[in-house]
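My questions all concern the structure below.
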Amino acid sequence: MDAAGAQTVSLINAILKQSIQERTSDIHIEKYDERVALRFRIDGILYERSPPPKHLFSAMISRIKILSKLDIAERRLPQDGQFSIKVQNRVIDLRVSICPCVFGEKVVMRILDKGAIDLDINKVGLDPRQRDDIIDAANKPHGLFFMTGPTGSGKTTTLGAILNSIKSPDINIMTIEDPVELKIEGINQVQVRANIGLTFASALRSFLRQDPDVILVGEVRDQETAQTCLRAALTGHLVISTLHTNDALSCVARLIDMGIEPFMLANSLQLAAAQRLVRLLCPLCKKPAKVPPELAEQVVRESLIENPPDPSTVTFYEARGCDKCSRTGYSGRKAIYEVYKLNAEMKEIIYRYGADVGKLKKAGEAAGMWTMRASGFRKVLNGLTTIDEVMSVTVSD
């Protein structure tokens, strides 16, 4: 190996090591007209890091392609690959995406550190009532269970924790995912391969002949998948899946829009949940914040807790920044949830009115359920995050 090659290998290794130390989820390497950029996504926010030398950019791309078993001669088309590295006696998977841009290829590496993910249902961020409702729905013998939220909101981790909590030798759990990010012992997981005809819908049809008890469908994207999920739920299987909607109960409107009959949905839907991720304040450097009295009152009021404290007695916090949290003021993320366990009144609303999300939400709140913003404000009152952080990822009703 020549000097430039050795330098490239050392540089890639250094970038990977630094990114793992900084709890990075994605590494971005990109080229512009006059410079090269290196960015790390930490706790959902992109931060620039010292860029690699411009003259080594092409060699770095080639090195990443070789590691990912991709075609180093192909520079005109997007390519996807993956590789694994060993760091401190644990194996870390990296999913690689290469996209041709006007100034050169852009690389994004998603770091999948299984050792850093705790699939414990008690540690993902659920309030006790929400956790109990989810576990109760996950232990039902049949029905539909939907988790909603945008890409990157932590749905995969939550679903992994749910499956981890219910798995046992006497339950046959099968999943179809795109891609399989968390490999869980004791669960049969299938990877979507659309190029050979292995889609969510075709795998789901196959699963019904595999004597399943619980089926997880990575995402309902089309009418055929939705109809097959419903058929499975109505024939004695528990079906867990995800949808991209802004809140939990909007999944009802989306499914009806996909052609699901309201009376069949009312019979099968057990639970609808939604989630977002909020950054947690660094416990070593967070500091008390001055909050206007009217804002403090709003936070306490909208948290919907049973015995609310006097707003003037609550200590709110803000980010400061220290060496431990790389001067960001935040360390890690937790999910905030809204969980709606469908009761008889809510099922009746779906049966009679179809996709009336407003009526469903009122019925849920009357039964003691609460919104995502309320869930976030509860974490604010516990000193875990900031008001701005919760408001940035939730919408007011």
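In debye to the nearest 20, how big a dipole does segment 54-189 give about its Cα centre with +1 on each Lys and Arg Cβ and -1 on each Asp and Glu Cβ?
700
About the Cα centre of the chain, how large is the charge dipole given +1 on each Lys and Arg Cβ and -1 on each Asp and Glu Cβ? Please answer in debye to the nearest 20.
Once rounded to the nearest 20, the dipole reads 1040 debye.
Next question, about the same structure. Using modelled backbone amide H atoms (1.01 Å from N, in-plane), which distant-in-sequence or interchain residues come within less than 5 Å of L269's amide H?
L144
Can I ask one more? Report D for segment 318-370 in µm² per second (integer): Stokes-Einstein, Kirkwood Rh on Cα pairs, 20 °C, 1.002 mPa s.
153
Okay, next question. Where nothing but the Cβ of Lys and Arg (+1) and of Asp and Glu (-1) is charged, how large is the charge dipole of segment 167-320 around its Cα centre, in debye to the nearest 20?
Dipole magnitude for segment 167-320 comes out near 460 debye.
Moving on to the next point. What residue among I240, C325, S375 has its Cα farthest toward the positive end of the dipole of the chain, where the charges are +1 on Lys, Arg and -1 on Asp, Glu, each on the Cβ?
C325
Let me ask you something else. Give the distance, in whole Å, between the Cα centre of segment 300-327 and the Cα centre of segment 131-181.
Cα centres, segment 300-327 to segment 131-181: 31 Å.
Something else: Given contacts defined as C-alpha pairs under 8 Å and at least six residues apart, what's the relative contact order of the chain, whole-number percent?
The value is 13 percent.
Further, regarding this structure: Shape call for segment 122-270 from the C-alpha gyration tensor, a ≥ b ≥ c root eigenvalues: rounded (a/c under 1.5), prolate (a/b greater than b/c) or oblate?
It is rounded, given that a/c, with a ≥ b ≥ c, falls under 1.5.
If you count only protein heavy atoms with a 1.4 Å probe, what accessible area per residue comes out for segment 221-291, rounded to a whole Å²?
39
Given the options T151, S165, P212, identify the residue whose Cα lies farthest towards the positive end of the charge dipole of segment 78-212 (+1 on Cβ of Lys, Arg; -1 on Cβ of Asp, Glu).
Comparing the listed Cα positions along the dipole, T151 ranks first.
With every protein chain present, what is the per residue accessible area of segment 1-57 (1.4 Å probe, Å²)?
52
With unit charges on the beta carbon (Lys/Arg positive, Asp/Glu negative), name the residue among P308, Y337, L277 whose Cα is farthest towards the positive pole of the charge dipole of segment 268-348.
L277
State the Cα centre-to-centre distance between segment 203-229 and segment 1-80 in whole Å.
38
Could you pull out the chymotrypsin sites (Phe, Trp or Tyr not before Pro) across segment 1-64 that fall in loop regions by DSSP (anything but H, G, I, E, B) with no more than 16 other Cβ atoms inside 10 Å?
Those that pass, being in a loop and sparsely packed, are Y32.
Right, something else. Kyte-Doolittle cut-off -1.0, length cut-off 30 Å along the helix's own axis using Cα: show which whole DSSP H helices in the chain pass.
Helices meeting the span and hydropathy rule in the chain: none at all.
Per residue, how much accessible surface does segment 106-211 expose to a 1.4 Å probe? Answer in Å², no decimals.
Here the per-residue accessible area is 47 Å².
222 nm [θ] for the chain, helices only, -39500 (n - 2.57) per DSSP H run of 4+, per residue, to 500?
Helices in the chain give a 222 nm mean residue ellipticity of -10000 deg cm²/dmol.
In whole percent, how big is the carbon plus sulfur part of the accessible area of the chain, probe 1.4 Å, protein atoms only?
49
In the structure displayed, which of K114/K379; K286/K324; K31/K114; K114/K286; K334/K361 lie more than 22 Å apart, Cα to Cα?
Result: K114/K379; K31/K114; K114/K286; K334/K361 exceed 22 Å.
List the cysteines of the chain that have no other Cys Cβ closer than 4.7 Å: which are they?
If one checks each Cβ against the other cysteines of the chain, C99, C101, C229, C251 turn up with nothing under 4.7 Å.
Mind pulling up the Rg/Rh value for segment 65-138? Radius of gyration and Kirkwood radius, both on Cα.
1.22
Segment 1-103: D in µm²/s via Stokes-Einstein (Kirkwood Rh, Cα pairs, 37 °C, 0.692 mPa s)?
227
Counting only other residues whose beta carbon sits under 11 Å from that of S375, what net charge do I get with K and R as +1, D and E as -1?
Result for the neighbourhood of S375: +3.
The values are calculated or read from the model by the stated rules, or taken from the named source; none is laboratory data. Bear in mind that the values here come from a model prediction, so they are computed numbers and not experimental data. Ideal geometry is used to build each Cβ from the backbone, glycine not excepted, and the neighbour counts take in all protein chains shown. Heavy atoms of the whole protein, side chains included, go into the accessibility calculation; ligands, DNA and RNA do not. Shrake-Rupley method; radii C 1.70, N 1.55, O 1.52, S 1.80 Å.
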